[in-house]
1. If I go through segment 149-194 residue by residue, how many of them are assigned to a strand (DSSP E or B) and either of a type in the set (A, V, I, L, M, F, W, C) or out of contact with any Leu (no Cβ under 8 Å at 6 or more places or on another chain) (or both)?
2. Need pairs with beta-carbon distance below 9 Å; first residue within 11 Å of ALA79 (Cβ to Cβ) and assigned to a strand (DSSP E or B) and within segment 123-137, second near the ligand (Cβ under 6 Å from one of its atoms) and of a type in the set (Ser, Thr, Tyr); sequence gap 6+ or separate chains.
3. If you take just the strands (runs of 3 or more DSSP E) that sit entirely in segment 1-98, which of them hold at least 1 residues that are farther than 18 Å from PHE113 by Cα and either away from the ligand (no atom under 16 Å from the Cβ) or touching a residue at least 12 places away in the same chain (Cβ under 8 Å) (or both)?
4. Only one of these is away from the ligand (no atom under 15 Å from the Cβ) and of a type in the set (D, E, K, R): GLU168, GLU116. Name it.
5. Can you find a residue in segment 99-120 that is modelled with pLDDT of 95 or more, among the aliphatic types (A, V, I, L, M), surrounded by fewer than 21 Cβ atoms within 10 Å (Cβ to Cβ) and assigned to a helix (DSSP H, G or I)?
6. For segment 171-194, enumerate the residues that are away from the ligand (no atom under 14 Å from the Cβ), out of contact with any strand residue (DSSP E or B) (no Cβ under 8 Å at 6 or more places or on another chain) and of a type outside the set (D, E, K, R).
7. For segment 10-55, enumerate the residues that are touching a strand residue (DSSP E or B) at 6+ places or on another chain (Cβ under 8 Å) and polar (S, T, N, Q).
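The values are calculated or read from the model by the stated rules, or taken from the named source; none is laboratory data. All values derive from a computational prediction rather than experimental measurement. Quick reminder, even Gly has a Cβ in these numbers, built from the backbone with ideal geometry, and neighbours come from all protein chains shown.
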Amino acid sequence: MKRLHEKMEQEGRVLSEHVLKVDSFLNHQIDPQLMKEIGEAFADRFGDAGITKIVTLESSGIAPSVMTGLVLGVPVIFARKRQSLTMTDDLLTADVYSFTKETTNRIAVSGSFLTEDDTVLIIDDFLANGQAALGLLDIVTQAGSSVAGIGIVIEKSFQNGRALLEKEGIRVESLARIDSLQNGQIQFKAEVPQ
Ligand code: 5GP
């Protein structure tokens, strides 16, 4: 996705060799036009996979997921990081270690929104060590739903998330792949697409 790569190069801030800040278009302020294109790109890749639901994690996974859900015509469920008093249905939960916050959160989805008949696309903003994606995968598996794959906006390919997910037999599709964040520079894995 050319526009995503451009945005990352123009507005991304390399905070360390491991962390990229993209608060101006994905993690705080949101660029709706870019989210629309991201939605179309995920729909393109997973359009023939029979997706019936999208599952993501609040809050930064919601924007790209909603746009993908709009194109695919399916609902979007976001796992909550904090328990809500209104979530009284049979909860599906998983414990996830947060890469950026360095704490473990229990994430939860109401069991009423996922069934054995669902085929789920999991979406998240970043893939680092795969803990968020594995937690979502755990929840979807507990529901008995099938997983069509995982869509990631920005993958840091120098961390081991992809390897862990592929070991589970999961298809991973990332719209941008970073090879390194050394010397304050984003080094993309593949040639930037047109
Ligand atoms: P993982 O669970 O794969 O280790 O990390 C993925 C989660 O951590 C994502 O949901 C994302 O919120 C956050 N994350 C990981 N790496 C980065 C990063 O470099 N920048 C930002 N903004 N978030 C990240």
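1. So the answer is 13.
2. ASP124/SER60
3. Answer list for segment 1-98: 91-97.
4. After applying the criteria, what remains is GLU116.
5. Taking every residue of segment 99-120 in turn, none turns out to be modelled with pLDDT of 95 or more, among the aliphatic types (A, V, I, L, M), surrounded by fewer than 21 Cβ atoms within 10 Å (Cβ to Cβ) and assigned to a helix (DSSP H, G or I).
6. ASN183, VAL192, PRO193, GLN194
7. ASN27, THR52
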